[in-house]
Amino acid sequence: MKPGSTLGLAAMLQALAQVRRLGFEATWDEAQIAPLIESLFHIDAESAQEVYGTSSALEPGLRTLCDQLEGRKVDPLVARMAGTVLHLERKLTRRQPMLKLLTTHIRDAERARAAFGTLHDNVIERMGEAYCATLSRLSPRVMVQGNPEHLGNARNVARIRALLLAAIRGAVLWRQSGGSGWHLLLKRKKILASARALLA
C-alpha cells in the first residue's frame, strides 16, 4: 500500500474526528486542523506527501485509522461520515464544472489566507462557503451529529464545513494514490501495516 494513499485516509479521518468534536463540544485542536485546512490550498500538488509534509502532522489521523482497522476504539459516527465522504468524492471527480467552481472559491480564499493566516475566521468562512456552493448540493449529504446549539452556531458551522472540505481533499488524495473502496475491504491488513509504518 502506497504511503500517499494511507496519508489521504488518515487526513480524512483526522478531519472527521474534529468535525465530531465541533458537533459535540464546539472546540477544535488547531495543531490538528492547520495541516488539514492548509491542504486545500495545495491544488496542484502531485502527492499526499507534498500536501501534508511529514507524517507527524497526521499522527492523530493515522492512530484513528489504526484503531478503526483493528476494531479498537471504533467510532461509528466517524466511520459513517467517512463512508459518505468517500462516496461524495467519487461524485465530485465526475463533475468538472463543480471542480472548477470549487477551485475558484479556493483561489479567492488565498487572498484572505495571505492577509490573515490559514485558520482565521475569514478564511474558514470562505472555505465553508466553498463547501456550500459545491459538495453540499450532492447527495448523500454528510450527516453531522452533536449538540443542536453547537450545530446552529454560524462560526461552528463554518468550521465544520471547512473540515468536511478538508476530508474530501484527503479522500481525493487517497484515490489519486491508487486507493479504492475495494482496498478498504480486501487490503485492510496492508493499509494497517502502512499506517503503523508511518507512525513508527
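The values are calculated or read from the model by the stated rules, or taken from the named source; none is laboratory data. As the structure is a computational prediction, the values presented were derived from the model and not from experiment. Virtual Cβ from ideal backbone geometry, glycine too; neighbours counted across all protein chains shown. Calculation scope for accessible area: heavy atoms of the full protein, side chains included, ligands and nucleic acids excluded. Shrake-Rupley method; radii C 1.70, N 1.55, O 1.52, S 1.80 Å.
At a glance:
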{"quantity": "Evaluation of His105 against (1) touching an Asp or Glu at 6+ places or on another chain (Cβ under 7 Å); (2) open to solvent by less than 40 Å² (accessible area, probe 1.4 Å) (one fails), failing number", "calculated": "(2)"}
{"quantity": "Qualifying residue in the range 139-156 (condition: open to solvent by 40 Å² or more (accessible area, probe 1.4 Å) and among the hydroxyl-bearing types (Ser, Thr, Tyr))", "calculated": "yes"}
{"quantity": "Matching option when the condition is surrounded by fewer than 17 Cβ atoms within 10 Å (Cβ to Cβ), of a type in the set (Gly, Ala, Ser) and closer than 21 Å to Leu99 by Cβ, among Ala15, Ala31, Ala11, Ala45", "calculated": "Ala45"}
{"quantity": "Test: residue in the range 1-23 that is farther than 21 Å from Gln145 by Cα and hydroxyl-bearing (Ser, Thr, Tyr)", "calculated": "yes"}
{"quantity": "Residues that are of a type in the set (Lys, Arg) and crowded, with 24+ Cβ neighbours inside 10 Å, drawn from the range 158-168", "calculated": "Arg159"}
{"quantity": "Selection count, the range 89-105, where residues are of a type in the set (Asp, Glu) and in contact with a Ser or Thr (Cβ under 8 Å, 6 or more places away or on another chain)", "calculated": "0"}
{"quantity": "Test result for Thr6, farther than 25 Å from Thr103 by Cβ, open to solvent by less than 20 Å² (accessible area, probe 1.4 Å) and touching a helix residue (DSSP H, G or I) at 6+ places or on another chain (Cβ under 9 Å)", "calculated": "yes"}
{"quantity": "Filtered residues of the range 25-54 (kept if among the hydrophobic types (A, V, I, L, M, F, W, C), in contact with a helix residue (DSSP H, G or I) (Cβ under 8 Å, 6 or more places away or on another chain), outside any loop (DSSP other than H, G, I, E, B) and over 19 Å from Ala109 (Cα atoms))", "calculated": "Ala48"}
